[in-house]
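The values are calculated or read from the model by the stated rules, or taken from the named source; none is laboratory data. All of these numbers come straight from a predicted model, not from anything done at the bench. A quick note on method: Cβ atoms are made from the backbone with ideal geometry, for glycine too, and the neighbour counts reach across all protein chains shown. These accessible areas exclude ligands, DNA and RNA; they are computed on the full protein's heavy atoms, side chains included. Shrake-Rupley method; radii C 1.70, N 1.55, O 1.52, S 1.80 Å.
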Amino acid sequence: MNNKDLIIEARQGEALADTTDATGELGKVYIESYGCQMNFSDSEIVASIMKQKGYSLTTDYNDADLILVNTCAIRDNAEKKVRNRLKTYNGIKKRKPDVVIGVLGCMAERLKSTLLEEEKLVDIVAGPDAYRDLPNLVDQVSEGKKAINVILSKDETYEEIEPVRLASNGVTAFITITRGCDNMCSFCVVPFTRGRERSRNPESIIREAKDLFAKGYREVTLLGQNVDSYLWYGGGLKKEFANLSEEEQGKSVRFAQLMEMVAKIDPLLRIRFSTSHPKDMTDEVLYTMAKYPNICNYIHLPFQSGSTTILEKMNRGYSRDWYKARISAIREIIPGCGISADIIAGFCSETEEDHLETLSLMDWVQYDFSYMFKYSERPKTMAERKFTDDVSEEDKTRRLEEIIKMQNKHSLLINKERIGKTYEVLIEGVSKRSEEHLFGRNSQNTVVVFPRQNFSAGDYVHVKVSECTSATLIGRVVDLEEIEA
Ligand code: 5AD
Ligand code: SF4
């Protein structure tokens, strides 16, 4: 398990609540989230919709009138975890028969009525594009009707809904810029659960970022399944863009321009983004990153496999050489840029040679960190329909272990090279391990820990690194004159 996995693990299933007042006349809602950042961001939209309707938020599910579980379907074990959780919540119904349980997100979309009608684990099923309908679905339950909405939309972006910031540190926040995915990677269930790709109006993105900055937030992460394909030309699906006149096309906003618009809000507002796609990441994006110091020097660029044969089967749209050329462009245009990846071990027909190509690509790039997974076959995907999941569990496990071992080696090596250097750090809060220490991140997205002194969350400080682990840099705050001396 890598460091980011640990962070996500710690947040998985964590109760989410905000601190602002709500009338709560309709009762209390408990919201729990699993999976990717997008799901956590969606839960903030759900919280906003439910508050508007008259619910207050609670962090104690025993105290809730409505329990909503925002789910992930990306791998089988993610679904197993959620199923167990739903069983626990169902137990509560024995004591409190009126409590309403709803399943949201990707698993709701994938399984549709199954959890409601066959397994009878929930009262409400709402897919990722159906959250505006939630208050109505709750009403349907009270009328004794089946409450399900899994309709996927071509244009829903929830753009004017102001998210309620949940489990917030008051410093960093997510802003969704695109929803859905048109890529159809053969292993991935997301295009089926989150539907067609659509981009959000840049005006509403800028408004949200400005508002966050005014409230004291100092970092926004622009979220999308593939941020590089962000394209705004007045709404609608991407394929319709081709039918526009050249003049109209010229007025469109692409990712590099959007990022520039956000960067110009204030030099003290940091910008991050996730996820980039190697086939779509342009040099223009890299030059924009290099131009604005407040756009963080960090790119999450999943490669999935180091073998061109496997990449073709995965329908990723690039080869090993193309990917290496993108990494070279990053290194040239943004020297010292932090880079992380997603890697899948044991995809259909992956040979030992293919696996060695993954390891050799890792060795060539030297990632700061990675998210590493065993391939998990997902129903309906192209891989499930066309290929055989033929790598044994034993080989998948061993290959994943080799990948993790190599990643840990690189993470430690990269951090050791940072000893003695000074980084600008945005403080996010008190370190989990010690009240006497604060933590934040440098531009490259590495966690930095240092003695507390009189600093607080939201401050920018310069930290000189003196020690490290594979996941953390440890140091002390220095002033700029000391650095220059
Ligand atoms: N099995 C294993 N990992 C997967 N991912 C997506 N689908 C699967 C799957 N079926 C991984 C990819 C992706 C990340 C979000 O999850 O690496 O980039
Ligand atoms: Fe899934 Fe590929 Fe889309 Fe990522 S880009 S969400 S891996 S289909």
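Numbers at a glance
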quantity: Lys, Arg +1 and Asp, Glu -1 on Cβ, resulting dipole of the chain about Cα centre, debye, nearest 20; calculated: 620
quantity: Rg/Rh ratio calculated on Cα atoms of the stretch 328-417 (Kirkwood radius); calculated: 1.04
quantity: Relative counts (whole %) of C-alpha pair distances in the stretch 159-214, using bins that are 10 Å wide; calculated: 20, 38, 30, 11, 0
quantity: Proximal lysines to LYS291, defined as alpha-carbon separation beneath 16 angstrom and excluding residues fewer than eight positions away on the same chain; calculated: LYS264
quantity: Overall Cα dimensions of the chain, principal axis frame, Å, largest first; calculated: 71, 56, 54
quantity: Reach of LYS96 by Cα under 20 Å, taken over aspartates and glutamates that are not fewer than 8 positions away in the same chain; calculated: GLU25, GLU32, ASP60, ASP63, ASP65, GLU119, ASP123, ASP139, GLU143
quantity: Dipole-positive endmost among PHE192, THR351, ALA108 within the chain (Cβ charges, Cα centre); calculated: ALA108
quantity: Over the chain: helical MRE at 222 nm, DSSP H runs n ≥ 4 each giving -39500 (n - 2.57), nearest 500; calculated: -10500 deg cm²/dmol
quantity: Where the Cα pairs of the stretch 170-296 fall when distances are cut into 5 Å bins, in %; calculated: 2, 11, 20, 22, 20, 14, 8, 3, 0
quantity: Isolated Cys residues of the chain, judged by Cβ distance under 4.7 Å to other cysteines; calculated: CYS36, CYS72, CYS106, CYS181, CYS296, CYS337, CYS348, CYS468
quantity: Under 22 Å from the Cα of LYS313 - lysines, other chains or at least 8 residues apart; calculated: LYS279, LYS324, LYS374, LYS380, LYS386, LYS396
quantity: Surface share of carbon and sulfur [accessible, 1.4 angstrom probe, percent] for the chain; calculated: 49
quantity: Amide H contacts of GLY429 (H built 1.01 Å from N, under 5 Å, at least 5 apart or other chain); calculated: PHE439
quantity: Span-like helix ranges in the chain, DSSP H, alpha carbon extent 15 angstrom or more, Kyte mean at least -0.5; calculated: 37-53, 202-214, 352-365
quantity: Probe 1.4 Å, accessible area per residue of the chain, Å²; calculated: 43
quantity: Fraction of beta bridges assigned by DSSP in the chain that are antiparallel (%, nearest 5); calculated: 35
quantity: Over the stretch 422-484 - Rg/Rh using Cα atoms and the Kirkwood inverse-distance radius; calculated: 0.92
